[in-house]
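K.L.:
Right, I'll just put the structure down here and ask away after.
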Amino acid sequence: ILYIPSGVFLCTGRMYIYSNTTVKMEDNTILLRGHSQGFFDNGDPLVERVTYEGEHNIKIMGGVLDNNLEQIDKYPTTHVNMINLRHADNITIDGVRFKNSISHHCIDVNGSKNLLIQNCIFEGYINPLEEVDKEAIQLSGYDAGAINGGVFDNTITKDVIIKYNKFRPSALAPGFNVCIGHHSAKHNVWQNNFEISNNDFRECHTGVRSFKFKNVRIIDNVFQEMVYPIRISAVGGEYQSANDVNGIPSGKSQGALEHVIRGNYFRNFNVAVSSFGRYYRGSFGYNEHISITNNYFIGEDWNKALSISVELTRNLHINDNIFSNCFRGIQVMSTHYLYVKNNHMTNMKTEGMYIKTALFPGEANVSTHIHVTGNTLNGSGKNGIFLQNANMFSIKSNDVTNTNEDEISDGSKRGGVKVFECENGIISENQSYGKNQVFVANADVVKNVTVFNNAGVGEITVTNATNSVIGYNQVDQDGKIVKFETVK
């Protein structure tokens, strides 16, 4: 055990911590940066370690690591990594306060596993290098371009728990560009198995940025006054991050995999949860297998607050969320196998759910297998549910009220459920009421669409349609599905 008692200590160099060591500091132990770099390394960076065979079984507990902005002219620097980890195994960082990060990272994790970061405070970030998307906690593989020391053998970072921490501005500096995540990747390599839970993020730009991560659980966190609380990012084939482990460009796009976003509270944001896949020269990098459930979104500024925005995403479940005072609840483009169920929305400036016109070629020129079921919406400036460029869809058993509240005079009819330029779908058993809406359901420029048993106030219309009816589907004597029209 290395015990550092209460007091203020000027650090004139890094401390190298070796295996089976606990660094214990009191709550009012303050380490001040007194040189150009940070505080702790797991071992000597000149010793070449591989895989997870670096210094291990290390705990850093308590205390304050202060980058000493007040004396930055006396101890000048442009960037600091406060704690470096490489090829590490079984590391705990508990109850440490990180003050005023400079350009780079509070904790720089490279090719390490079994890491626990809990009960810490991360506050303040300045960026004299004007770096882009640098994180308070970086979760990186150990690749060329990472911190020095060890062998660049592309060891991934995995099995990380980050819980009960706070991320915020300090008295001297604003909040972080990115609190947790990464900004680089390798083709066919995924950093893997992260749990981020019960943290408090306030007044930072981005909370969690998953840059082609796999198996991530983001659970029971609070995000307030953020621009992008959660970003799930893919890699485009033109990026350097599409290079393989030998540095050879793959030209292939790849996405993030297996994310659970559950039980989080979002207040005052630009885009609360985003998932953006990438396309490059015929290569689609879809983000896949994402569940967004039981979250609470409060936009406050409904001119900007977009709760969920997804593009080039597959196998996505959005269930049992609450949305209030937002620009839009759910916005989708070029997405496949989407299930939107049992969400509750109030006071949307535009729509509760909206599918944008696709901007990508080939298979991503439409959104497919879209299921919107059992949702409620009370209050929207335009339509309640609006699907475009969708193929194979169902909109069933939704309760939509008080749409078209803005009554925009642009010649467009607005109301409860609208589909435009869609194929192969059903709109059934929805109800829509309100004094300003023109229609309960409207299907325009559609093919093979059935509108059945909807209720409410206003029109139910199918226009500019091919093999589409207000009616129901039946089977003829040859076993083929046929449509029966019920309009009188």
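The values are calculated or read from the model by the stated rules, or taken from the named source; none is laboratory data. Since the model is a prediction, treat every value here as computed from it, not as a measurement. Using ideal geometry, Cβ is built from the backbone for each residue, glycine included, and neighbour counts are taken over all protein chains shown.
K.L.:
Go through the residues of the stretch 205-215 one by one and say whether even a single one is closer than 17 Å to residue 101 by Cα, basic (Lys, Arg) and surrounded by 18 or more Cβ atoms within 10 Å (Cβ to Cβ).
P.N.:
No, because not a single residue in the stretch 205-215 is closer than 17 Å to residue 101 by Cα, basic (Lys, Arg) and surrounded by 18 or more Cβ atoms within 10 Å (Cβ to Cβ).
K.L.:
Test of understanding: among 346, 350, which residue is assigned to a loop (DSSP other than H, G, I, E, B) and of a type outside the set (Phe, Trp, Tyr)?
P.N.:
350 is the lone residue from the list that is assigned to a loop (DSSP other than H, G, I, E, B) and of a type outside the set (Phe, Trp, Tyr).
K.L.:
Is it true that residue 461 is surrounded by fewer than 23 Cβ atoms within 10 Å (Cβ to Cβ) and either assigned to a strand (DSSP E or B) or over 33 Å from the mean Cα position of the chain (by Cα) (or both)?
P.N.:
Taking the combined requirement at face value, the residue satisfies it.
K.L.:
May I ask you to verify whether residue 28 is crowded, with 18+ Cβ neighbours inside 10 Å, under 21 Å from residue 101 (Cα atoms) and not aliphatic (A, V, I, L, M)?
P.N.:
So residue 28 does not fit the description; no.
K.L.:
Still on this structure: Hey, among 267, 314, 278, 328, which residue is touching a Lys or Arg at 6+ places or on another chain (Cβ under 9 Å) and free of Cβ contacts under 8 Å to residues at least 60 places away in the same chain?
P.N.:
Step by step, each of 267, 314, 278, 328 is checked, and only 328 is touching a Lys or Arg at 6+ places or on another chain (Cβ under 9 Å) and free of Cβ contacts under 8 Å to residues at least 60 places away in the same chain.
K.L.:
Sticking with this one: Taking the stretch 207-232 as the region of interest, how many residues are out of contact with any Asp or Glu (no Cβ under 8 Å at 6 or more places or on another chain), more than 17 Å from residue 156 (Cβ to Cβ), in contact (Cβ under 8 Å) with a residue 40 or more places away in the chain and not basic (Lys, Arg)?
P.N.:
Residues in the stretch 207-232 being out of contact with any Asp or Glu (no Cβ under 8 Å at 6 or more places or on another chain), more than 17 Å from residue 156 (Cβ to Cβ), in contact (Cβ under 8 Å) with a residue 40 or more places away in the chain and not basic (Lys, Arg): 9 in total.
K.L.:
Within the stretch 158-178, can you find the residues that are touching a Ser or Thr at 6+ places or on another chain (Cβ under 7 Å) and assigned to a strand (DSSP E or B)?
P.N.:
163, 178
K.L.:
Could you tell me how many of the residues in the stretch 347-365 are out of contact with any Lys or Arg (no Cβ under 8 Å at 6 or more places or on another chain) and surrounded by fewer than 24 Cβ atoms within 10 Å (Cβ to Cβ)?
P.N.:
Number of matching residues: 11.
K.L.:
Which of the residues that make up the stretch 371-391 are at positive phi and in a strand (DSSP E or B)?
P.N.:
Answer for the stretch 371-391, where residues must be at positive phi and in a strand (DSSP E or B): just 379.
K.L.:
Using beta carbons and a limit of 6 Å, which pairs, at least six apart or on different chains, have the first residue in the stretch 406-431 and surrounded by 13 or more Cβ atoms within 10 Å (Cβ to Cβ) and of a type in the set (Gly, Ala, Ser) and the second one outside any loop (DSSP other than H, G, I, E, B) and modelled with pLDDT of 90 or more?
P.N.:
415/439; 416/400; 416/432; 416/440; 425/393; 425/449; 428/396; 428/452
K.L.:
Just a yes or no: is a residue in the stretch 405-428 in contact with a strand residue (DSSP E or B) (Cβ under 8 Å, 6 or more places away or on another chain), part of a loop (DSSP other than H, G, I, E, B), closer than 24 Å to residue 338 by Cβ and not charged (D, E, K, R)?
P.N.:
no
K.L.:
Look through 46, 31, 2 and report the one residue that is under 15 Å from residue 95 (Cβ atoms) and either among the aliphatic types (A, V, I, L, M) or modelled with pLDDT under 95 (or both).
P.N.:
31
K.L.:
Taking the residues in the stretch 353-370 that are part of a helix (DSSP H, G or I) and touching a residue at least 40 places away in the same chain (Cβ under 8 Å) as candidates, determine which candidate is nearest to the chain's Cα centre (by Cα).
P.N.:
Here the residue is 364.
K.L.:
Need at least 2 residues that are free of Cβ contacts under 8 Å to residues at least 40 places away in the same chain per element, so show me which strands (runs of 3 or more DSSP E) inside the stretch 21-105 make the cut, counting only ones lying wholly within it.
P.N.:
Passing ranges, in order: 21-25, 29-33, 56-61, 64-66, 89-94, 97-102.
K.L.:
Filter the strands (runs of 3 or more DSSP E) completely within the stretch 240-343 down to those with at least 1 residues that are among the aromatic types (Phe, Trp, Tyr).
P.N.:
265-267, 271-276, 278-280, 283-285, 296-298, 322-326, 336-341
K.L.:
Could you please find all residues in the stretch 31-61 being charged (D, E, K, R) and either crowded, with 16+ Cβ neighbours inside 10 Å or closer than 15 Å to residue 96 by Cα (or both)?
P.N.:
33, 41, 49, 55, 59
K.L.:
A follow-up question, please. Which one is modelled with the highest pLDDT, of the residues in the stretch 402-439 that are aliphatic (A, V, I, L, M) and within 13 Å of residue 382 (Cα to Cα)?
P.N.:
417
K.L.:
While we're here: Going through the stretch 402-411 one residue at a time, which ones are under 21 Å from residue 345 (Cβ atoms) and more than 32 Å from the chain's Cα centre (by Cα)?
P.N.:
Within the stretch 402-411, 407, 408 qualify.
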